[in-house]
Amino acid sequence: MSKSAKLRELFERPGIIRIAGAHNALAAKLAERGGFEGVWAGSLGISASYVLPDASIVSMSQYLEAARQIDEAISIPVVSDCDTGYGNANNVIYMVRMFETAGIAAVSMEDKKFPKDNSLLEGGRQQLAPIEEFQGKIRAAKDTQKSEDFVVIARVEALIAGWGQDEALKRAYAYVDAGADAILIHSKKNTPDEVVEFIKHFKNRRPVVLVPTTYPIITIKELEELEVKMVIYANQTLRAAVGAMEDTLEEIRRSGCTLPIEDQIVPVKYIFELQGTLEMKEKEGKYLVS
Ligand code: SPV
Ligand code: MG
């Protein structure tokens, strides 16, 4: 079964789909082992792993390669954050061809102008594309995909840009009309109120996707009660990893040896396990001449 068919199955069965952000294949592996149903190959995480701002600086092919590596390491579906689609509808056509061929189950596109700034960036440029232009990108994506199962998520940035609920709803309906499979409504408010209000008014039911980075208080139970279909924990693994690495480095410098941190860091044996070293050794027994 393809990964997009797997994701479709998750969309069709009752209950919420929990997606964890991964900035590389190792983080994706941990998300899979942690029981998440899918992985978000997010622009923030991947650009951060290049130590570059999340501002359409990293190219489509770099994001594609990162998504491909992530997908290759896991058996759960990958949702690729494709920003604005890397340009106009012509760019979207090529993007869908490339991401679908790479085995990515879903792409998410946001209705901002290229180049974009990260949605959570204070003082960031949050310029919205005209509705008709973004509808064209959605139609281009849907007409390009080969498999019916491939999922196109349309991300509404009207609340991020401060254009208000009416504009957000107008855009969500327009994107549903254009063929979007799901609507991601994004918010940078520190309470869930804004997205809750949107969901209450959004009647033309297409699955709703949330990224609750700035309103972490919302529970999985509340999301289920709101009938949110997919929740993306976009950047928590990245932020956890950065903090853990910094703490470790600081302790090594402070104590002059690595003994004090030994019981706080995973054994090398665990890294071997994550890398599939045991499986490699089994294959050696089968195929190598000793
Ligand atoms: C990402 O993780 O890259 C996202 C979500 O697009 S946000 O960082 O909130 O824009
Ligand atoms: Mg992003």
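What is the Cα centroid distance between region 1-80 and region 245-278, reported in whole angstrom? Between the Cα centre of region 1-80 and that of region 245-278, the gap is 26 Å. Scanning residues 5 or more positions from Thr214 or on other chains, none has an amide H under 5 Å from its amide H, with H placed 1.01 Å from N in the peptide plane. With a cut-off of 15 Å between beta carbons, the residues surrounding Tyr287 carry a summed charge of 0, where Lys and Arg count +1 and Asp and Glu -1. If R0 equals 22 Å, the separation of the Cβ atoms of Ser255 and Gln275 corresponds to a calculated FRET efficiency of about 0.20.
Scoring 69-77, 106-114 by mean Cβ neighbours within 10 Å over their residues and listing the highest first yields 106-114, 69-77. Taking 0.36 nm per residue of sequence separation and removing the Cα-Cα distance, the Tyr50/Ala102 pair yields an extension gain of 16.6 nm. Modelled label positions at Asp263 and Val196, each set 7 Å beyond Cα in the direction of Cβ, lie 4.3 nm from each other. Taken along the Cα-to-beta-carbon direction at a fixed 7 Å, the label points for Asp166 and Lys189 span 1.7 nm.
Highest-first packing order for the peptide set 257-266, 238-247 is 238-247, 257-266, based on the mean count of other beta carbon atoms within 10 Å.
Packing, as the average of other Cβ atoms within 10 Å across residues, places the peptides 194-202, 135-143 in the order 135-143, 194-202, highest first. Length available on full extension from Glu72 to Leu121: 0.36 nm per residue minus the Cα-Cα distance, which gives 14.6 nm. Where the centroid of each part is defined by its Cα atoms, how far is region 129-163 from region 199-231 in Å? Value for the Cα centre distance between the two parts: 19 Å. Just Leu52, Leu159, Leu274 to compare: in a GNM of the chain, with alpha carbon springs under 10 Å, which one fluctuates most? Among Leu52, Leu159, Leu274, the largest mean-square fluctuation in the Gaussian network model of the chain belongs to Leu274. With a Förster radius of 22 Å, plug the Cβ-Cβ distance of Ser147 and Glu9 into 1/(1 + (r/R0)^6) and report the FRET value to the nearest 0.05. Efficiency for this residue pair is about 0.95. Of all DSSP bridge pairs formed entirely within the chain, close to 5 percent run antiparallel. Each 5 Å bin from 0 upward holds the following percent of the Cα-Cα pairs of the chain: 1, 5, 12, 15, 18, 16, 12, 8, 5, 4, 2, 1, 0, 0, 0. About its Cα centre, the chain has a charge dipole of approximately 460 debye under the convention of +1 per Lys or Arg Cβ and -1 per Asp or Glu Cβ, with nothing else charged.
Bear in mind these aren't lab numbers, they're just calculated from the coordinates by the rules spelled out. Nothing here was measured: the structure is a model prediction, and the numbers come from that model. Methodologically, a virtual Cβ is constructed for each residue, glycine included, from the backbone with ideal geometry; neighbour enumeration extends over all protein chains shown.
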